[in-house]
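Coordinate-derived values only; no laboratory data. Every value quoted in this text rests on a predicted model; they were computed, and no experiment measured them. Here Cβ is always computed from backbone atoms with ideal geometry, including for glycine, and neighbour counts include all displayed protein chains.
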Amino acid sequence: MNSPVDIAQPHVLSKKDFESDQDVRWCPGCGDYAVLAQVQKLLPTLGIPRENFAFISGIGCSSRFPYYMETYGMHSIHGRAPAIASGLKLSRPELSVWVVTGDGDALAIGGNHFIHAMRRNIGLKIILLNNRIYGLTKGQYSPTSEQGTKTKTTPMGSIDRPFSPVALALGAGATFVARAVDTDLKHLSYVLERAAQHKGTAFVEVLQNCPVFNDEAYAALSSKATRPDAAIVLEHGKPLVFGKERNKGIRLSGFEPEVVTIGEGMSEADLLMHDEKSPQAGLAFFLSQLAAPDFPVPLGVFRAFDAPAYEELNSQLAEEAVAKKGRGDLARLLYSGDTWTIE
Amino acid sequence: MQTTDGNLAKSRHVEELDSVVIRFVGDSGDGMQLTGAEFSKAVAKAGHDFSTYPDYPSEIRAPTGTLFGVSGYQIQFSSRPVFTSGDAPDVLVAMNPAALKTNLSDVKRGGIIIANTGAFVDSNLVKAGYQKNPLEDGSLDGYQLFKIDIGEFTASALRDSGLSKKEVGRCKNYFALGVMLCLYSRPLEKEIAEIREKFAKKPHFAAANITALRAGYAYAESTEMFAITYQMRESAVLPGRYRSITGNAATALGFAAASELSGVPLFIGSYPITPATDILQELAALKHYKVTTFQAEDEIAGICSAIGAAYGGSLALTTTSGPGMALKTEALGLAVMLELPLVVVNVQRGGPSTGLPTKVEQSDLLQAVYGRNGECPVPVIASHSPSDCFDCALEAARIAVKYMTPVILLTDGGIGNAAEPWLIPDVASLPKLQVNYRTEAEGFQAYARDENLARAWVRPGTPGMEHRIGGLEKDFFSGDISHDPLNHQRMVEVRAAKVAGIDIPPAKIDGPESGDLLIVGWGSTYGSIAQAREMAEAAGKSVAHVHLRHLNPMPANLGGILARYKTVLVPELNLGQLSRLLRERYLLEVLPLSKVQGKPFKVSEIYDRILELC
């Protein structure tokens with residue numbers, strides 16, 4: 001623990017204030033370092049006192065995250081972080097509660113809690129570090145591993161079809177869904193900031209490299225040279241343009257996406273326009289289906305729809321109950337219901 | 001029926017009684033639970049003590065007329081203290097042949113059977129497996145049989161009510177209730193007021209039910225169907241304000257009260273499961289208190305959300321029954337490691353697996369005491385009656401916050417659903433519940449301990465005390481991750497010492513301080529044991545009874561007590577789980593008395609065993 005902040009003096013928080021005294025124990029070259037650094041940079045800018053942050057995690061490499069944050073935090077059990085965080089947020093709505101999870105933690109053992117957090121739209125910020133592999137148990141395939149992935153438990157290649165975390169979140173009704181790559185720090189920082197500002201559940205998938213067990217899983221997206229053609233950055237109100245020359249785009253052909261080249265009888269006006277605020281999640285879901293090798297991988301904010309957060313609705317219920325019945329007290333509680341007197 | 005005047009009078013007269021046991025049985029859609037509950041309240045308001053036992057199938061509406069669809073509600077009421085719902089009914093109200101068939105063997109010889117003749121038609125007789133109509137073939141000659149076409153009388157009373165045939169059918173339980181109120185000389189006015197309140201939003205149903213109730217009463221009175229009506233003796237019940245309460249309602253109230261007493265908000269995270277769901281439902285109606293209810297996506301999320309709330313500074317609760325308890329196991333271990341206050345209520349039911357969801361059993365004791373990975377001590381307490389659930393909830397909350405530990409509170413489907421009158425306690429008489437969150441950052445170490453070996457409770461949002469906790473082993477003081485071998489040994493030992501050192505009251509003995517036989521019980525067997533012991537004592541036997549509320553740790557004086565009797569008998573609704581614990585802890589032989597039939601002990605079953613032993 002760092003020394004206590006002097007609360008008498010207004011203290012301008014910096015990245016340093018969010019670094020705990022624990023040695024970071026991820027493998028050299030792990031994408032988690034970048035996410036940690038970006039979060040530590042972001043938090044001081046949010047205008048929230050440090051003591052009001054809580055980081056909750058489950059089990060896995062990603063779940064060591066809270067130990068490295070000089071905030072309140074809990075390293076809990078496998079897959080359950082969203083459930084624990086939900087209880088914390090619901091009982092303490094004023095806190096900024098973050099969940100850091102991985103593809104195994106969130107989508108395999110914790111799949112149920114993950115989808116229900118999305119469904120409720122409870123004010124959690126959930127960062128999923130997706131390296132498409134089980135790292136802490138030393139290299140087994142995960143629910144996001146591509147078919148054919150050879151691991152210690154799939155020596156002949158995986159036959160499981162992978163989840164798209166973004167599609168799963170959208171299918172569960174998530175109001176904020178975004179994706180970033182660990183190597184594009186500026187964009188990662190932007191996406192995290194957008195998540196922090198969202199009311200309700202904000203879900204960010206970070207495509208993140210595991211240099212030990214699944215190196216280069218996102219090679220095309222990671223490298224500055226290939227990223228412009230391998231990825232498409234979603235921007236609200238703008239057409240879906242990508243490519244090094246910014247001359248390629250996505251348009252809708254019937255219900256199917258199609259990559260077209262701008263200029264060859266096509267203009268930007270023919271392309272799909274991104275609308276992250278659409279009340280319907282259809283467009284966001286459509287975009288979540290775009291994947292390599294036929295399509296560029298969408299990065300950025302798929303959906304940012306403003307809807308009442310679960311904890312707000314819950315507080316309203318309590319206020320309504322007090323307005324209707326009056327604030328309860330102990331005597332009233334005990335003597336409520338059907339009573340009689342024996343003399 | 002224990003009458004004071006054994007002569008059956010030819011002319012109609014009123015007879016005084018000490019106690020009576022009535023069982024209402026019918027299809028699960030016949031409203032038997034409601035009828036029984038209403039009747040209980042009616043007799044309670046007359047100053048009688050009572051105890052009930054609802055017995056219902058796990059199907060919500062089983063096919064009508066079938067043996068497995070029979071739902072029953074038994075009540076014993078008395079002018080003396082009532083310990084149980086009674087061994088054998090004096091009166092059986094049977095709404096159909098299946099109900100008669102499945103319950104007749106329990107009825108006292110010579111008891112009253114009130115049969116709803118309208119339902120004794122060929123199709124129902126076949127479904128119940130009767131070759132001939134038992135109401136006509138003389139097979140009930142040993143009983144006082146009263147045949148009433150409840151359905152037909154109810155229908156004719158409600159001919160002009162404008163209700164559909166189906167709706168009229170739903171009123172027949174009030175006709176039956178009217179008959180019973182007449183038999184026991186209870187006034188109708190209070191019941192009518194009850195119905196008006198209950199159906200306040202549906203006044204036409206209220207009117208119909210009141211008509212059915214009056215019709216039943218009038219029928220019994222005017223036809224002089226009963227040669228005798230009964231008047232209960234004046235009651236010895238303590239004066240004061242009462243309410244009828246089930247164990248689940250008392251549990252809910254107890255935790256809401258703990259919140260009020262401590263000023264700490266209550267959070268319950270639970271997943272619906274029979275027979276525990278009522279606790280979540282009761283608390284969901286208390287949003288005007290500092291109560292947050294969260295119906296989680298599964299049992300695991302139930303306990304995990306509660307852990308999150310406990311971390312946030314709430315009094316945290318999760319409620320479940322056996323199978324759900326199994327699912328919560330890993331998270332319970334986390335709570336032990338985190339050393340956060342949390343109460344887990346297990347309203348036990350028949351197991352293993354899905355088992356007998358609506359039936360009573362006490363077979364989760366060893367699970368509660370031992371059922372986790374690692375050395376994982378958790379305090380365990382058990383309530384012995386519906387109203388005792390209130391006191392046990394306060395006690396569980398006290399231990400949880402004082403020692404910063406999860407606590408398991410065991411109740412069961414018997415007391416969870418059963419009702420009894422509860423003398424409402426004075427607010428001033430309730431124990432204080434002191435909670436101090438630490439806010440002093442100077443010198444703070446997350447796992448430094450106080451004199452009770454409890455660590456400090458620090459709410460997120462407290463400046464300067466940001467720290468991390470988790471399921472990995474932690475350093476003895478700082479709480480940072482530690483894989484140091486000696487530190488682990490020290491942590492395992494201190495967690496065990498903390499739970500072993502919890503301050504609990506000494507065990508109390510009912511009966512002689514030493515002697516031939518000691519009966520040790522826990523949980524819902526209390527009533528049957530207490531009454532059997534009283535009967536044995538009256539018969540001159542040297543029998544004592546200790547009923548354990550605290551099962552882990554056990555009272556410090558228990559070992560000494562056990563040694564003072566020649567024989568120790570342990571009746572349990574399992575195959576001897578407390579017996580194992582007692583043998584293991586006190587190295588002494590005890591005799592189990594086991595019953596696993598989804599039913600509570602009859603008083604006679606324990607009494608007979610006492611007579612065999614001394």
Could you give the Stokes-Einstein D for the range B:370-421 in µm² per second, using the C-alpha Kirkwood radius, 25 °C, 0.890 mPa s? 203
Global geometry of the range B:13-232, whether rounded, prolate or oblate, following the gyration tensor of its Cα atoms and the 1.5 cut on a/c: rounded
Taking a quarter of the surface of the convex hull around the Cα atoms of the range A:159-296, what do you get in nm²? 9.7
At q = 0.14, 0.16, 0.22 Å⁻¹, what is the base-10 log of I(q)/I(0) for the range B:107-180 according to the Debye formula with one equal point scatterer per Cα and no solvent? Please give it to two decimals. -0.53, -0.67, -1.04
If each DSSP helix of 4+ residues adds -39,500 (n - 2.57) and the sum is divided by the residues in chain A, what number results at 222 nm, nearest 500 deg cm²/dmol? -7000 deg cm²/dmol
Answer with one residue from A:A169, A:L317, A:G135: the one whose Cα lies farthest towards the positive end of the charge dipole of chain A, charges on Cβ with Lys, Arg +1 and Asp, Glu -1. A:G135
When the helices in chain B are scored as -39500 (n - 2.57) per DSSP H run of 4 or longer and the sum is shared across all residues, what 222 nm value do you end up with, to the nearest 500 deg cm²/dmol? -10500 deg cm²/dmol
If you average 1/r across every pair of different Cα atoms in the range B:244-429 and take the reciprocal, what Kirkwood value do you get, in Å? 15.7
Please work out how much length the chain gains when fully extended from B:A538 to B:D426, using 0.36 nm per residue of separation minus the C-alpha to C-alpha distance, in nm with one decimal. 36.9 nm
Roughly how many nanometres apart are two label points built 7 Å out from the Cα toward the Cβ at B:E440 and A:D294? 6.8
Between B:D510 and B:Q131, take the C-beta separation as r, use R0 = 41 Å, and let me know the FRET efficiency to the nearest 0.05. 0.25
Using Cβ contacts closer than 10 Å as the measure, can you line up B:E451, B:E572 from fewest to most? B:E451, B:E572
Whole-angstrom gap from the range B:136-214 to the range B:433-497, using each part's C-alpha centre: 62
Send over the Kirkwood Rh of the range B:1-122, from the inverse of the averaged 1/r over different Cα pairs, rounded to one decimal Å. 15.0
Counting only Cα, what are the radius of gyration and maximum Cα-Cα distance Dmax of the range B:36-96, in Å? 13.3, 40
Please label the shape of the range A:1-126 as rounded, prolate or oblate, based on the square roots a ≥ b ≥ c of the eigenvalues of the alpha-carbon gyration tensor (a/c under 1.5 means rounded; beyond that, a/b larger than b/c means prolate, else oblate). oblate
May I ask you to list the trypsin sites (Lys or Arg not before Pro) in the range A:18-65 that are in a DSSP loop and have at most 15 other Cβ atoms within 10 Å of their Cβ? A:R25
Quick one: if you stick a label point 7 Å off each Cα along the C-beta vector at A:E94 and A:L136, how many nm between them? 3.2
Taking H as built 1.01 Å from N, whose amide H comes closer than 5 Å to the amide H of A:G102, not counting residues under 5 places away? A:L129
Average partner coverage of B:278-288, which counts Cβ from other chains inside 10 Å: 3
Convex hull of the range A:271-343 built on C-alpha atoms - directionally averaged projected area, nm²: 9.6
Please report, in whole Å, how far the alpha carbons of the range B:509-613 spread along each principal axis, starting with the longest. 32, 31, 21
If contacts are Cα pairs under 8 angstrom and at least 6 residues apart, what is the relative contact order of chain B in percent? 11
Taking a 24 Å limit on the Cα-Cα distance, which of the listed pairs A:K89/B:K287; A:K324/B:K201; B:K201/B:K359; B:K41/B:K198 fall beyond it? B:K201/B:K359
Using the charge dipole of the range B:509-613 (Lys, Arg: +1 at Cβ; Asp, Glu: -1 at Cβ; taken about the Cα centre), state which of B:S579, B:I610, B:A539 has its Cα farthest towards the positive end. B:S579
Whole-number value, in Å³ per residue, for the convex hull of the alpha carbons of the range B:190-237 is 79
Modelled label reach - B:S105, point 7 Å along Cα→Cβ, the range B:51-66 residues with backbone N closer than 19 Å: B:55-57, B:66
Would you please give the FRET efficiency between B:L356 and B:E589, computed as 1/(1 + (r/R0)^6) with r the Cβ-Cβ distance and R0 = 30 Å, to the nearest 0.05? 0.45
Take every Cα-Cα distance within the range B:181-300, group them into 5 Å bins from 0 onward, and report for each bin the whole-number percent of pairs it holds. 2, 9, 12, 12, 12, 13, 13, 10, 8, 5, 3, 1
HN-Hα J in Hz across the range A:172-178 - Karplus 6.51, -1.76, 1.60, θ = phi - 60°, x for Gly and Pro: 8, x, 4, 8, 9, 9, 9
If the viscosity is 1.002 mPa s and the temperature 20 °C, what translational diffusion coefficient in µm²/s does Stokes-Einstein give for the range B:407-473 when Rh comes from Kirkwood over Cα pairs? 130
Give the average over all directions of the projected area of the C-alpha convex hull of chain A, one decimal, in nm². 24.7
What relative contact order, as a whole-number percentage, does chain A give when Cα pairs under 8 Å and 6 or more residues apart are counted? 14
Taking 2.2 N^0.38 Å as the expected size of a compact globular protein, what ratio does the Cα radius of gyration of the range B:104-235 give against it, to two decimals? 1.15
Give me log10 I(q)/I(0) at q = 0.04, 0.05, 0.07, 0.10 Å⁻¹ for the protein assembly as shown, Debye formula, one equal scatterer per alpha-carbon, no solvent. -0.25, -0.38, -0.70, -1.14
With a Förster distance of 60 angstrom and the Cβ-Cβ distance between A:K324 and B:C614, calculated FRET efficiency to the nearest 0.05 equals 0.50
Expressed as a whole percent, how much of the Cα-Cα distance distribution for the range B:249-325 exceeds 14 Å? 55
Where does the longest stretch of chain A lie that holds no chymotrypsin sites (Phe, Trp or Tyr not before Pro) found in a DSSP loop with 13 or fewer other Cβ atoms within 10 Å? A:1-254
Stretched out fully, how many nm does the piece from B:S139 to B:A218 gain, at 0.36 nm a residue minus the Cα gap? 25.5 nm
Which order do A:K89, A:K15 fall in if you start with the one that has the fewest other Cβ atoms within 10 Å? A:K15, A:K89
For the range A:261-304, the Rg and Dmax computed from alpha carbons only, in angstrom: 12.0, 33
Over the range B:356-448, what lengths in whole Å, largest first, do the semi-axes of the equivalent ellipsoid take, defined as the square roots of 5 times the eigenvalues of the alpha-carbon gyration tensor? 30, 22, 7
Cut-off is 10 Å between beta-carbons; in what order do B:T35, B:T64, B:T411, B:T318 appear when sorted fewest neighbours first? B:T64, B:T35, B:T411, B:T318
Taking only the alpha-carbon positions of the range B:457-533 as identical scatterers, the Debye log10 I(q)/I(0) at q = 0.13, 0.16, 0.21, 0.22 Å⁻¹ comes out as -0.68, -0.77, -1.04, -1.10
Name the residue farthest towards the positive end of the dipole of the range B:244-429 from the options B:G416, B:T274, B:G313, assuming +1 on Cβ of Lys and Arg, -1 on Cβ of Asp and Glu, about the Cα centre. B:G313
Given Cα positions, please report Rg to Rh for chain B, the hydrodynamic radius being the Kirkwood one. 1.01
Out of all Cα-Cα pairs in the range A:10-60, roughly what percent, to the nearest whole number, are more than 12 Å apart? 71
